[in-house]
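A.B. asks: Mind having a look at this structure? Questions to follow.
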């Protein structure tokens, strides 16, 4: 019997998943203190919001936040987009344009949205709806797979499996975290889920390879990792089409390139290369003593290894960091899901579409592990492929239990084990939710991001004291740019590097904002601990210092710099002018 998902029970399952997702989102947001202790925007998500606001209000793909390293290429704001992908920027800009700044409801109520901190909530719409849609989509895909390839399970078993897979995703604490912030991970994951569903259903090839490629292109606009996942999925679609493989690969990659071609052209015009991306510098973090600060917080392009030397250094870095990442993805039942998928693929001889999709999921996860080990070993880089692997692993384990010899375990024990798999997934998810909620509550009071009131206060002070066309430097970076409406350069590596930054771009105000000295960047401790002594260092060129402590415990040190020192370029340009005035 094929499950149609039109009955009251089926609609009830989808509705239950949506309500559960909304409740879990609200629970995590409340623990995080969203909008109070924790701003809606953080360092990463504010970069997208600032760029989206610039596009919505001024119609240009640019941003009012830059890292010092970007000044080596483009000194004057607004700066071209060097560290974000276009998908979320375009989506948020469209929302900013659609939602008016002032909404009039009748004659009695007026809802004002012109203040920046009110409009920042709009950045949560996309990840929130993608979170709910992923829970429902994974359930629907599960039900249809079982209805097509395991009709003996019956509608009841199909619904139980669908509810389990969908709820397991919604209970994922990392998914909840991405849903309460303007991150691109959930839209990217939703696109990947659609791509793998197309492979399993056979719709990716041979009928619609070009549309399949378009889906991959739109998905890839949210994260750069789509660039190396697209060939894997194109090859998977080609394997499903014997005799027409070159055509399928070509059409898939053509469809993938079409939505991204304007973005590549933009990067070629702005940076001289369609493949250039500032985030690629992070490959060298931890290599030969390089740090995040030395790579991004100096106004010069770092000199990096090349050729075989570079390959050897990156291979050594991957070897050091890969074991830790493997341990992270093997916690709890995750190793069980992965092992079940490998064993099912090796022993059960599944239908070709299922086998190809399972192999592509495993390959995508392997590539994600290598990419994370080569850059920064953060688990968030593994999230999109990990989610799909866990869902596929649960289905594979059920498949293995269904194929187990009846005399060995008996039908009753087989049924108990299948229910046990569902219980394990839900209990593990509930445990992760509780841990994630507690961690969010604890982290929200300890993290190095000021409260919303502090950010609003700083934005108000900047709007009063700093002209709109002046640039400010601060470690708060894009968050300060959002709340103040000013162009902001991220804090230089040390106070001694301020002069080098000012040779690229003139600015007079530097805001150093930390909670305590333990969080202060190396090199800035003296400024934070003894701000009144900053004027004693001639090389820093500080002429005035204001410092105070906010109610949330954060200390603000506001440095006002003197006139910049004459640069060599200015001296060279002044010499011919003086000679001309002297009659030469």
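A.B. asks: Before we move on, is residue 225 within 21 Å of the chain's Cα centre (by Cα), under 24 Å from residue 281 (Cα atoms), buried (at least 19 other Cβ atoms within 10 Å of the Cβ) and modelled with pLDDT under 90?
C.D. replies: Here the answer is yes, as residue 225 does meet what is asked.
A.B. asks: Is there a residue in segment 407-420 that is under 22 Å from residue 237 (Cβ atoms) and part of a helix (DSSP H, G or I)?
C.D. replies: No, because not a single residue in segment 407-420 is under 22 Å from residue 237 (Cβ atoms) and part of a helix (DSSP H, G or I).
A.B. asks: Evaluate segment 138-149: report whether one residue or more is out of contact with any helix residue (DSSP H, G or I) (no Cβ under 6 Å at 6 or more places or on another chain), loosely packed, with under 14 Cβ neighbours inside 10 Å, at pLDDT below 95 and not in a loop (DSSP other than H, G, I, E, B).
C.D. replies: Scanning segment 138-149, I find no residue that is out of contact with any helix residue (DSSP H, G or I) (no Cβ under 6 Å at 6 or more places or on another chain), loosely packed, with under 14 Cβ neighbours inside 10 Å, at pLDDT below 95 and not in a loop (DSSP other than H, G, I, E, B), so the answer is no.
A.B. asks: What's the number of the condition residue 481 fails, among (1) in contact (Cβ under 8 Å) with a residue 12 or more places away in the chain; (2) surrounded by fewer than 24 Cβ atoms within 10 Å (Cβ to Cβ)?
C.D. replies: That leaves (2) as the condition not met.
A.B. asks: Looking at segment 563-584, which of the residues that are within 16 Å of residue 505 (Cβ to Cβ) and surrounded by 11 or more Cβ atoms within 10 Å (Cβ to Cβ) is modelled with the highest pLDDT?
C.D. replies: Out of the qualifying residues, it is 564.
A.B. asks: Return only the number of the condition from (1) more than 19 Å from the chain's Cα centre (by Cα); (2) outside any helix (DSSP H, G or I) that residue 445 does not satisfy.
C.D. replies: Checking residue 445 against (1) more than 19 Å from the chain's Cα centre (by Cα); (2) outside any helix (DSSP H, G or I), the one that fails is (2).
A.B. asks: Follow-up. Against the conditions (1) modelled with pLDDT of 95 or more; (2) out of contact with any strand residue (DSSP E or B) (no Cβ under 6 Å at 6 or more places or on another chain), where does residue 63 fall short? Just the number, please.
C.D. replies: Status for residue 63: all satisfied but (2).
A.B. asks: Out of all the residues in segment 328-335, is one or more closer than 20 Å to residue 139 by Cα, in contact with a helix residue (DSSP H, G or I) (Cβ under 7 Å, 6 or more places away or on another chain), surrounded by 19 or more Cβ atoms within 10 Å (Cβ to Cβ) and at pLDDT 90 or above?
C.D. replies: So far as segment 328-335 goes, yes, one or more of its residues are closer than 20 Å to residue 139 by Cα, in contact with a helix residue (DSSP H, G or I) (Cβ under 7 Å, 6 or more places away or on another chain), surrounded by 19 or more Cβ atoms within 10 Å (Cβ to Cβ) and at pLDDT 90 or above.
A.B. asks: Please go through segment 54-85 and give me each residue that is part of a helix (DSSP H, G or I) and farther than 16 Å from residue 277 by Cβ, ordered by number.
C.D. replies: The answer is 54, 55, 56, 57, 58, 68, 71.
A.B. asks: Can I ask one more? From 372, 430, 391, 364, which residue is out of contact with any helix residue (DSSP H, G or I) (no Cβ under 9 Å at 6 or more places or on another chain) and surrounded by 13 or more Cβ atoms within 10 Å (Cβ to Cβ)?
C.D. replies: Exactly one residue qualifies, and that residue is 430.
A.B. asks: Check every one of the helices (runs of 4 or more DSSP H) wholly within segment 274-392 and list those with 1 or more residues that are touching a strand residue (DSSP E or B) at 6+ places or on another chain (Cβ under 8 Å).
C.D. replies: The helices (runs of 4 or more DSSP H) meeting that bar are 292-296.
A.B. asks: Turning to a different aspect of this structure: For segment 259-279, how many residues are over 20 Å from residue 216 (Cα atoms), out of contact with any helix residue (DSSP H, G or I) (no Cβ under 8 Å at 6 or more places or on another chain) and surrounded by fewer than 13 Cβ atoms within 10 Å (Cβ to Cβ)?
C.D. replies: 2
A.B. asks: If you don't mind, there's one more thing I want to ask. Taking segment 505-520 on its own, how many of its residues are surrounded by fewer than 18 Cβ atoms within 10 Å (Cβ to Cβ), touching a residue at least 40 places away in the same chain (Cβ under 8 Å) and in contact with a helix residue (DSSP H, G or I) (Cβ under 8 Å, 6 or more places away or on another chain)?
C.D. replies: Counting residues in segment 505-520 that are surrounded by fewer than 18 Cβ atoms within 10 Å (Cβ to Cβ), touching a residue at least 40 places away in the same chain (Cβ under 8 Å) and in contact with a helix residue (DSSP H, G or I) (Cβ under 8 Å, 6 or more places away or on another chain) gives 0.
A.B. asks: Quick test of your reading of the structure: residue 502 fulfils all but one of (1) under 16 Å from residue 67 (Cα atoms); (2) touching a helix residue (DSSP H, G or I) at 6+ places or on another chain (Cβ under 8 Å). Name the failing condition by number.
C.D. replies: Tallying (1) under 16 Å from residue 67 (Cα atoms); (2) touching a helix residue (DSSP H, G or I) at 6+ places or on another chain (Cβ under 8 Å), residue 502 fails exactly one: (2).
The values are calculated or read from the model by the stated rules, or taken from the named source; none is laboratory data. Quick caveat, the model's predicted, so the values are computed rather than measured. Glycine also receives a Cβ, built like all others from the backbone with ideal geometry; neighbour counts cover every protein chain displayed.
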